[in-house]
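Quick notes on the structure that follows.
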Amino acid sequence: MDKETGTISKKVEEFLQVFKKGEEFTQELLKENEKLRYRLAQQEEGSKFTGRDENFKLHTVEERIKFLEEENKNLLDRFRQVEEENKDFANRYVEVEAENNNLANLYVASYQLHSTLDFTESLKIILEIVMNLIGAEEFSIMMLDEKTNELTIVAQEGMGPEARASIKMGDGIIGKVAKSGEAFYREGDPTNLKGADYTHPLVSIPLKIKEHVIGVIVIYKLLVQKQAFSNVDYELFSMLAGHAATALFSSKLYSQSERKLTTIQSFLDLLKEK
Amino acid sequence: MPDYNFLVVEDSPTMRQLISFALKRIPGSKIVEANDGIDALKKLSTQKFDVILTDINMPIMDGLKLVSMVRNDPAHKNIPIVIITTEGAEEDRKRGLALGANAYIAKPIQTADLLTVVNDILGNKS
């Protein structure tokens, strides 16, 4: 009996121990469960924060991209604007260069025209200007004789013998230019020539002092390399109309007065001898 | 800034003035003018030049004769020569360049074109 009782109490003891261990294990499991729950809660909380961060970062990057795109657009606009300004400056530079060239031509022509009081030299200078600055190959300078009302060639370059040496005021294109005082420019391609036509000049410029015509410059043919008249040519024509006229007129007057002075001087010398 | 000595050979005072006017835009330029080929040779014997600019049609000695003489003179044969002339036909250009001219410009001249040619020559030289 005692033996049986001892076995039972031993078994109870063992059971209690097993139960205790079970209780301890259960306690541990509960703790572990608690820990896991806590960690899970932490993880959930953490992931909640990370999501917000990601959203924030994404938003910031989007904002930055937007800003940079805006800046890029502004820079492209500015670049285009500067390019446009550059083009304008380049065009302006070309214009200024051309203007500079024109002014140099006009200055030199005007300076040379008024550099002498010798009639022959004045004619030579006009020929030089028309040939070298305008690019004419066949041309003449005609002066008006007010007694006969005729235009006569006083200087020419490259013209053939068939050219008329004199033209009546009002006759043909040249005579009409002298009569009206209006310049004549032939229409069409000035280089399209089958030899010079001395009845149909390319250009005829009246030499005028105010409204008084004293002669004409007539161009029949241009140099082979001269393709067309440029703006400076028309400026030179209008400059020649006035300045060449005064240069020729004053040099002619000066030559006449010099001749008269010499005659008077000789006459006075003769009187003194007597 | 380097000095550049130019010899402008032209019988026309108008063209001499116009060419000199253009060359003065090159910094350090010094211009000597000659009326014809003989006058140019005289000036070449007393002074050194970086570029000669010459017309063709001139009295006493024309520009082509001048080019030929300069190219055959050991003392001056390397001076660059620019022909500036009214003779604008292709055969004239070929003839001028064949004689030894470095460039050929037909009149009427454009200042910008003349300066481009001369600056190219000066650039090539340095």
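The values are calculated or read from the model by the stated rules, or taken from the named source; none is laboratory data. Here the structure is a predicted model, which is why all the values come from computation and not from measurement. Ideal geometry is used to build each Cβ from the backbone, glycine not excepted, and the neighbour counts take in all protein chains shown.
Of everything in the stretch B:106-126 that is outside any loop (DSSP other than H, G, I, E, B), crowded, with 19+ Cβ neighbours inside 10 Å and at the interface with another protein chain (Cβ under 10 Å from one of its Cβ atoms), the residue that is modelled with the lowest pLDDT is B:Thr111. Residues in the stretch B:85-105 that are more than 9 Å from chain A (Cβ to nearest Cβ) and not in a helix (DSSP H, G or I): 8 in all. Filtered by the rule that a residue be facing chain B (nearest Cβ under 9 Å) and of a type in the set (A, V, I, L, M, F, W, C), the stretch A:91-112 gives A:Val94, A:Ala98, A:Ala104, A:Val108, A:Ala109.
Restrict the check to the stretch A:67-88 and report whether at least one residue is surrounded by 10 or more Cβ atoms within 10 Å (Cβ to Cβ), of a type outside the set (S, T, N, Q) and within 14 Å of chain B (Cβ to nearest Cβ). Scanning the stretch A:67-88 turns up no residue that is surrounded by 10 or more Cβ atoms within 10 Å (Cβ to Cβ), of a type outside the set (S, T, N, Q) and within 14 Å of chain B (Cβ to nearest Cβ). Of everything in the stretch A:128-151 that is facing another protein chain (nearest Cβ under 9 Å) and hydrophobic (A, V, I, L, M, F, W, C), the residue that is surrounded by the most Cβ atoms within 10 Å (Cβ to Cβ) is A:Ile129. Could you tell me which of the residues A:Glu97, A:Glu13 is over 30 Å from B:Leu114 (Cα atoms) and free of Cβ contacts under 8 Å to residues at least 24 places away in the same chain? Every option except A:Glu13 fails the conditions.
Could you tell me whether any residue of the stretch A:114-127 is assigned by TED's automatic domain parsing to the domain that holds A:Leu236, under 18 Å from B:Ser20 (Cβ atoms), of a type outside the set (Lys, Arg) and touching a Lys or Arg at 6+ places or on another chain (Cβ under 6 Å)? The answer is no; no qualifying residue exists.
Checking each residue in the stretch A:78-109 for being of a type in the set (Gly, Ala, Ser) and farther than 17 Å from A:Asn231 by Cα picks out only A:Ala90. Residues in the stretch A:219-241 that are modelled with pLDDT under 90 and assigned to a helix (DSSP H, G or I): A:Asn231, A:Val232. Return the only residue of B:Pro74, B:Pro80 being surrounded by fewer than 20 Cβ atoms within 10 Å (Cβ to Cβ), out of contact with any Phe, Trp or Tyr (no Cβ under 7 Å at 6 or more places or on another chain) and of a type outside the set (S, T, N, Q). None of the other options fit; the residue is B:Pro74.
Set side by side, the residues A:Leu144, A:Leu133 differ, and just one is touching a residue at least 40 places away in the same chain (Cβ under 8 Å) and farther than 30 Å from A:Gln225 by Cβ, which is A:Leu144. Every condition in (1) away from chain A (no Cβ under 14 Å); (2) farther than 21 Å from B:Pro2 by Cβ is met by B:Val51 except one, and the failing one is (2).
Against the test of being in contact with a helix residue (DSSP H, G or I) (Cβ under 9 Å, 6 or more places away or on another chain) and at pLDDT below 95, the options B:Asp50, B:Asp62, B:Asp55, B:Asp3 yield a single qualifying residue, B:Asp62.
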